[in-house]
Ligand SMILES: [Zn+2]
């Protein structure tokens, strides 16, 4: 069973962001073989109704926080947790950095709706 440490600090270095950007550009077959790729378990994705294909793997996903503009990486293992354990929707994408999510959960930040 995967576990997640919600208090883990996430401040990706410029190098980590560059590498994540680079992996995004790779061919899917290369992404799947990349050391940062985490295989998906389709048995844990049955809650997802999709006409598209389910993912075979997750890779680190760079994104820009829409609240504060900070660049962060949605880690492959966190995506797996989100989709397979938290049963998140497959179209969900990371839109807020760790700090902003945390602040919002504690009622300190702006309320953001989809
Ligand atoms: Zn932020």
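All of the numbers you see were taken from the coordinates with simple rules; none came from a lab. Keep in mind it's a predicted model, so treat the numbers as computed, not measured.
Taking the Cα atoms of the range 10-114, the ratio Rg/Rh between the radius of gyration and the Kirkwood radius comes to 0.98. Note on residue 105 and residue 44: the extension gain reaches 19.3 nm, defined as 0.36 nm multiplied by sequence separation minus the Cα-Cα distance.
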